[in-house]
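Worksheet: one structure, shown below.
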Amino acid sequence: MEIKKVDILWNNQSKVSRSNNGSPGELYLKVTISGDSRSGRLWGVLINHCFRIMDIIDWTRSHPDSIHHTCSAYGIDAGREYFLYSLASAISDTGKAVLPKHLLLVANSLSASGEFVGLNAKGMALQRQHACVSSPFVESCFSNPGRCFIKAAKSGVVDHLQGSLDALAWGKRPSMGSTGQFDIILLEVKLMGQELVMPIDVYTLLEASSDKLNENINAHVAAQNNLSDKCSSEFKHKNGGYALKWSKTLESLIRNSVTVNDIWKLLFRSKCILKKYSTNSTDQQQLGKRDKSTMLMVLYFHPKRNEKIGIGPQCIKVGWHPKYKDTRCFFIVRNDGTSEDFSYRKCIIGALEIVHPQKAKIRKKKWLQNAVF
């Protein structure tokens, strides 16, 4: 076995402490060794190669890039801690919230036999083998059910439904967790005298669940219209103080009626609409009535909404961006027939800057890093 290559990488995650030059992140090396990875000796070989520079390496933060090798080099406890850290990091990247005790439960379950098993079908099979437990119903959830049941039948295996998954599959109380009683009930839903057997359009379902969001947005739009009727454009131009006060009053109304969660819903719906009207042709597709209403609400938060809307919106379309040929975007068609593209991301940033400025900075930085803003 020998060192095959060494990659010099940069970790720019926010969880990493700032380096000496003040930028968030740090340099690190990724060493690739050629040889049989199953032997578990790769880490020892690497340490031998690093003998001359042993003192300048932070070994407390150096580890094999594999749970199996970590267990071989430092023991099952180190492998368990490495898995727990990796699992927590992966869950955090998805944006989901999982209690630490639940992550700890997974780590303990996979390492209970003294040999760390993988979180996959093969690992679960090894875990049951080490514990001398037979559970065909659990095994069938991770592989081919028919093959599992045929194999269990030929072996004369009995499943005592001791696990949570197999117990729940048969309507029994699980052996761990809340152990709360539940009933599986078939609810016959009828619509206009017929059984509801037709599939439901996901976009219609999303739009139907956003009535509260529409009410919130429409409330402060109506408030803006009422305020704007009280003063002419000439008065506001000559009396900048009043215009500034009017603008602050409007922003206050938005903060009191629109939440960050409402803005995330607008972002999600904008993405869905853009994907819904995807096309390979050069012709633009006009949005339906509901989708148009949604995108007009989004456009309201654009920093240049007055320039974009002009004399008034006639319709909104989806088409290919005139500058970035491989990118689809929204176009607003005015009452005079002219049209102009607009970025829904700038609208989302504009809304966040009013409701939650800190989240606006984070979101804008993320989009700029991905070159999509």
**Request:** Output ³J(HN,Hα) for the stretch 299-310: one whole-Hz value per residue in order, computed from phi by the Karplus curve 6.51 cos²θ - 1.76 cosθ + 1.60 with θ = phi - 60°, and x for Gly and Pro.
**Result:** 4, 4, 8, 5, x, 10, 5, 5, 5, 5, 6, x
**Request:** Please turn the phi angles of the stretch 103-110 into ³J(HN,Hα) values with the Karplus equation 6.51 cos²θ - 1.76 cosθ + 1.60 (θ = phi - 60°), one per residue in order, whole Hz, x for glycine and proline.
**Result:** 5, 5, 5, 5, 4, 5, 5, 6
**Prompt:** Which whole-angstrom value gives the distance between the alpha carbon centres of the stretch 254-329 and the stretch 330-373?
**Reply:** 10 Å
**Asked** What residues have an amide H closer than 5 Å to that of residue 33, excluding those fewer than 5 places away on the same chain, when H is modeled at 1.01 Å from N in the peptide plane?
**Response** 4
**Request:** Report, in debye and to the nearest 20, how large the dipole of the stretch 276-373 comes out about its Cα centre when Lys and Arg carry +1 and Asp and Glu carry -1 on their Cβ.
**Result:** 480 debye
**Message:** Along the Cα→Cβ direction, 7 angstrom out, place labels at residue 81 and residue 34. What is the inter-label distance in nm?
**Reply:** 3.5 nm
**Message:** Using amide H atoms built in the peptide plane, which far-off residues or other-chain residues are under 5 Å from residue 330 H to H?
**Reply:** 342, 344
**Cα gyration tensor category, rounded, prolate or oblate, for the stretch 43-128 with a/c compared to 1.5** = oblate
**Prompt:** Using the Cα gyration tensor of the stretch 302-373, with a ≥ b ≥ c the square roots of its eigenvalues, what is the shape: rounded (a/c below 1.5), prolate (a/b larger than b/c) or oblate (neither)?
**Reply:** oblate
**Prompt:** Considering amide H positions built from the backbone, and no H for Pro or chain starts, which residues 5 or more places from residue 118, or on another chain, come under 5 Å of its amide H?
**Reply:** 123
**Prompt:** In the structure displayed, which of 5/323; 30/325; 308/359; 96/364; 122/154; 30/275 lie more than 31 Å apart, Cα to Cα?
**Reply:** 5/323; 30/325; 30/275
**Complete:** Ranked from fewest to most other Cβ atoms within 10 Å of their own Cβ, 54, 124 fall in the order 54, 124
**Message:** Can you compute 3J(HN,Hα) from phi for each residue in the stretch 65-81, using the Karplus curve 6.51 cos²θ - 1.76 cosθ + 1.60 with θ = phi - 60°, rounded to whole Hz and x for Gly and Pro?
**Reply:** 8, 7, 5, 4, 5, 5, 5, 5, 7, 10, x, 5, 5, 5, x, 5, 5
**Gain in span if fully extended, residue 282 to residue 154, counting 0.36 nm per residue against the direct Cα distance** = 40.0 nm
**Item:** Backbone N under 11 Å from the residue 335 label point (7 Å along Cα→Cβ), restricted to the stretch 282-312
**Value:** 310-312
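Just so you know, all these numbers are worked out from the coordinates, no wet-lab data involved. In this text, all values refer to a predicted model and were calculated from it rather than measured experimentally. Cβ atoms come from the backbone with ideal geometry, glycine included; neighbour counts cover every protein chain shown.
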